[in-house]
Structures are given as structure tokens and as C-alpha cells.
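The values are calculated or read from the model by the stated rules, or taken from the named source; none is laboratory data. On a predicted model such as this, the values are computed, not experimentally measured, just so you know. With ideal geometry, Cβ positions are generated from the backbone for all residues, glycine too; neighbour counts draw on all protein chains shown. All accessible areas refer to the heavy atoms of the entire protein, side chains included, with ligands and DNA or RNA removed. Shrake-Rupley method; radii C 1.70, N 1.55, O 1.52, S 1.80 Å.
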Amino acid sequence: MADTNTELLVRRLREAVGAEGVVTDAQQQAGYTRDWLGKWQGRVPVVVRPADTTETAAVVRICRAAHTPIVTQGGNTGMSGGATPDASGAQVIVSTTRMNRVRAIDPLNNTLTVDAGVILAHAQDAARQAGRFFPLSLGAEGSCTIGGNLATNAGGIAVLRYGNMRDLVLGLEVVLPDGRIWDGLRGLRKDNTGYDLRGLFVGSEGTLGIITGAVLKLFPQVSARATAWVGASDLQQLVALLERLRAACGERLLAFEMLSQDALDLVLQHVTDTRAPMAGASPFHALVELGDTAPHGLQDMLEQALAQAMEDGLIGDGAVVAASQAQAQAFWKLREGISQAQVRAGPVVKHDIALPISALPAFVAEAGAAVRDAAAASGLAARVINFGHLGDGNLHYNVLLPAGLAPEAVKAATVLLNRAVHDRVAAFNGSISAEHGVGQLRRDELRHYKDPLEMEMMMAIKRALDPNLIMNPGKLL
Ligand code: FAD
Ligand code: MLT
Ligand code: ZN
């Protein structure tokens, strides 16, 4: 883009959203042009921050007329580089963070209508204040936005019970790539009037339009919880325990998270105020939580189910049921601390994979051998940091590389390790992208593994809605 064109573009955008809605200073742009992991760094002439849907539509029309690609950004907490522009300086960021109003709450219909820039924790608070529960929960909930959650189809720790973001949304409002506004803000649980247009935008990672509003599903408040830490001698034990707890506790089973000993050690080493819940090491650990609308003897139920599982040999290394809320929080701190610990420990090759739960033990055994071979071939000491949402069959099967390794060596190792892990995922009929999205991190991997016909159908949808390909080019597809 020539300088005069850029100036003209910025002027038009400023006219559309006001001076407070544009950020042109490079220093002030720093929090937008780089992702939180520090993996990607982009460059833009302007960050635009529309205040509402009408302004967003005006911004899209201006960008479309100027053939300027748009990178939509919410809280910028994504793991796959989807919200970071490229380094050309030819794209603009549209940040939704000023669109942060709770629009309506309908306790009888159990729905909450929000702007897309509302922070997830604020949506949870709004539901709580109305005596309801919005269940999406993840480590970044204090800064990620509902729009980002929708665009990545976020998962988190309660998918087992409530589903992922796709299951938690009833209606959407979207600014389309031509600047028109689609008002699909319906709070209906049944609506068979044709194709699932709402579903198209969930998981679309900013490539089909800008989500500006959403109607979310609410649930009865979970007022009682019981939490336990379990040590297991192998993964098969945890898979069997999951099934046992499902049978014993039914819908009350809210979370079943897994950490390998290496993942736990990493947190203990890098996150302050943490301590191991049990003496001694175990190859695998589970963090289990039950929840209910009333106490209903939850603590007893969990203790009995675990005692029975121990008697039946399903738990090799013991279990601790949290005796207080503080102890439960300390358990969760260990689980939630892994992302941060990894950043501090060194370069990480991230894998966000989904597998049939029954296949997890065999996958982990095979992938472990493949990673060892790949690491040996590149002469590197690699350490698998395996953890994740076992109840959903979603592993963060990450590989930690030596601290201080040169970027070129990290790049070369990433190619080998991706192939080692993702080939096994494909062999077990799994997915190489479970909840973090494809973004720019897994774009090449997606092309490698996804059925060409599925890629063709996705591209056809993309071209139909965004013929000028201005929405987040270089991401996902
Ligand atoms: P951004 O990072 O800003 O954007 C993400 C993608 O969505 C980009 O492609 C962007 O273009 C697009 N986008 C954003 N807003 C819109 C919009 N309004 N319209 C259209 N497209 C849009 N994820 C999980 O699923 N489970 C977890 O357990 C989990 N744990 C995490 C823990 C930590 C500590 C962190 C930092 C992240 C974690 N994540 C997890 C990643 C998760 O995807 C994001 O935190 C969140 O869902 C993204 O929201 P965001 O507003 O930050 O989106
Ligand atoms: C989590 O579940 O903690 C995050 O999704 C995983 C990560 O940080 O890689
Ligand atoms: Zn996760």
C-alpha cells in the first residue's frame, strides 16, 4: 500500500470510529501486533477499535473498498497466531475490545446476550448475578473475549459436562466481509429453517466475518463442588477411572483433567506457591471435579467412588479429596499453571490433539517412541509435556526443547516433531486441532492431513462469503 493510500485509509477509519477508536502509534500498538507467546510479530498502519456493530460495519466497508485485509482480534490470548497480522504492514487489526456491553439477560429463557468483546469472566459474572451459570472456563478467562471463544470454538475444563463453545451459543450477530450485518441473535433451542449459518462462524477464526454479538446458553448455578487429585501408574487406569466416575456420578462429573509427572514437575519448578498434592511421583495425575446445584453429599459421593476404584485397582498411586476450597484452588493452580510454566521453561512445540478416549494409552505409547526417535535424529534433548482434558480426549501433547535453542533449530525440530506426533494422530483417526484453532501455527499441517474434499468445501464457503479474501488471509485455510 502506498503511503498516501495508507494515510487516506487511516483518515477514513478515524472518521468512522472517532479518534479514540484508532491506534496508530507503534508503541501503543505493541500489545496488538505480537501474540502473547511471543511467537509471531506483525506490523499494521492502524489498529481500529469500533465501539459498536454499526461502526464495525463501516470499518469493514472502508477496508473492503481499499482492498485492505482485516485481522480481527479479541483478547489476543489465542495459541495459534490467528489474531496476529503478517509483517507486510498491509493489513489492519480490528479489535473488538471496546464492544464490551452485556446487552440482555433472560433468566427464564436461560440466555445471555453480549457484545463479542465482552471478556469471558465478565460474561460468567453477569450470569452469576442473575442466579445462572455460564460454564465455559479456561486459563485465559480474565482476558479472552466471547468473540474469540466463538471464533476458535474454545473448549477448556468443563467440556465434558457442557460441551465446547459451539454447544453454548444459540445466536450470533456478524458483520459480513461486504459490510452487511447479519442479525442472527435468536435465543431458540430449535430452529430448522435451513443451513446452520451460526455453526459456520463458530471456529471460523476471523476468516468469514467479524462476530459482533452472541446469545449464550445459561445453566442452573453450580453451588457445590468436590475436587480430588489422583495418582495413576499408567494412562489406562485414568481412562478406566473416567468411565467409573461417569457411571457413579453421572452429570455431576464436571472436569477430568490429566497431567503427566513431567507437566507437574514443570509447574512446581516455574510457578510460585505451588506444591505437589501427594508425596511421591506418579507417571500420570488426574484432577477431578464434581459439581451440583445443591450439596447432595457430593464430597461423600466422590470419596466413595474413589475408594471403590482404589479397591478395584483402578488407582495405582492414591487419591486426595480436597478438604477445603483453598485446597481445591491449590489443585487447580497446578493445572492452570502449565501454560505459564512452559513459556518460562523454553521453546515448546505445541500439539493440541483430539483422539478417541479409548485410544489414548496406545497413542501415548506410540507417540512417545516417535518423539524420542525424532529428537534423536535432530540430536536434541526433548521432553514431552503431556497434559490436557482427558475427559474430552484432548491432549496438549507438547514437546519442550532445550532453553536457548536457536530459532532455526527450533523450526527444524518443529517440522520433525509435528510429523512424528501428527502421523500418530492421523493413524488413530484423531484431529490435529482440538480447541486452540489452526491459525498460522497449524495451517500447513491442516493441508497435510485434512481430506482434500473437506478443504475444497471449506474453500467454497470461504469464497462464497469473502470473494475478495480480505478476512484474515494466511490463517486457517
Ligand atoms: P484472540 O486471540 O484475539 O483471537 C483468536 C482467533 O479468533 C483469531 O483468529 C481471531 O481473528 C479470531 N477472532 C477473535 N475475535 C473475533 C470476532 N469477534 N469475530 C471473528 N473472529 C474473531 N483455549 C481453549 O480452548 N481451552 C483452554 O483450556 C485454553 N486455555 C488457555 C489458557 C491460557 C493461559 C491462554 C493464554 C489461552 C488458553 N486458550 C485455551 C486459548 C483460547 O483459544 C483463547 O484464550 C480464547 O478462546 C481466544 O479468545 P481471544 O478473545 O483472546 O481471541
Ligand atoms: C490448557 O488447557 O491449559 C491450554 O489449553 C493448553 C496450553 O497452554 O497449551
Ligand atoms: Zn486446553
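Observations on the structure shown:
- Any hit, segment 329-352, residues being farther than 25 Å from H270 by Cα and either within 15 Å of ligand 3 (Cβ to nearest atom) or surrounded by fewer than 14 Cβ atoms within 10 Å (Cβ to Cβ) (or both): no
- Residue match in segment 164-184 (condition: hydrophobic (A, V, I, L, M, F, W, C), outside any strand (DSSP E or B) and within 16 Å of ligand 2 (Cβ to nearest atom)): yes
- The condition of being within 14 Å of ligand 1 (Cβ to nearest atom) and under 25 Å from V71 (Cβ atoms) holds for only one of G163, G156, that being G156.
- Of the residues making up segment 97-146, those that are free of Cβ contacts under 8 Å to residues at least 60 places away in the same chain and assigned to a loop (DSSP other than H, G, I, E, B) are T97, N100, R101, L108, G117, V118, L136, L138, E141, G142.
- Any hit, segment 234-241, residues being in contact with a strand residue (DSSP E or B) (Cβ under 9 Å, 6 or more places away or on another chain), away from ligand 1 (no atom under 16 Å from the Cβ) and over 30 Å from L401 (Cα atoms): yes
- Single residue of A362, A369, A323 found to be more than 13 Å from ligand 1 (Cβ to nearest atom), open to solvent by 20 Å² or more (accessible area, probe 1.4 Å), free of Cβ contacts under 8 Å to residues at least 12 places away in the same chain and within 23 Å of G231 (Cβ to Cβ): A323
- Filtering segment 137-155 to residues that are away from ligand 3 (no atom under 13 Å from the Cβ) and either under 20 Å from A126 (Cβ atoms) or not aliphatic (A, V, I, L, M) (or both) leaves G142, S143, T145, I146, G147, G148, L150.
- D86 vs. criteria free of Cβ contacts under 8 Å to residues at least 12 places away in the same chain and either within 16 Å of ligand 3 (Cβ to nearest atom) or open to solvent by 30 Å² or more (accessible area, probe 1.4 Å) (or both): no
- Test for R344: is it closer than 22 Å to R161 by Cβ, in contact (Cβ under 8 Å) with a residue 12 or more places away in the chain and not hydrophobic (A, V, I, L, M, F, W, C): no
- Residue match in segment 184-193 (condition: within 30 Å of L298 (Cβ to Cβ) and either within 16 Å of ligand 3 (Cβ to nearest atom) or of a type in the set (A, V, I, L, M) (or both)): no
- Test: residue in segment 119-132 that is closer than 16 Å to V22 by Cβ, crowded, with 24+ Cβ neighbours inside 10 Å and not aromatic (F, W, Y): no
- Residue match in segment 156-163 (condition: assigned to a loop (DSSP other than H, G, I, E, B), in contact with a helix residue (DSSP H, G or I) (Cβ under 9 Å, 6 or more places away or on another chain) and within 16 Å of ligand 3 (Cβ to nearest atom)): yes
- Residues located in segment 223-264, provided they are open to solvent by 10 Å² or more (accessible area, probe 1.4 Å) and of a type in the set (V, I, T): V239
- Hey, V94 in a strand (DSSP E or B), modelled with pLDDT of 95 or more and within 9 Å of ligand 1 (Cβ to nearest atom) or not: yes
- Neighbours by Cβ (under 6 Å, 6+ apart or cross-chain): first from segment 295-316, over 23 Å from A281 (Cβ atoms); second open to solvent by 40 Å² or more (accessible area, probe 1.4 Å): A305/A248
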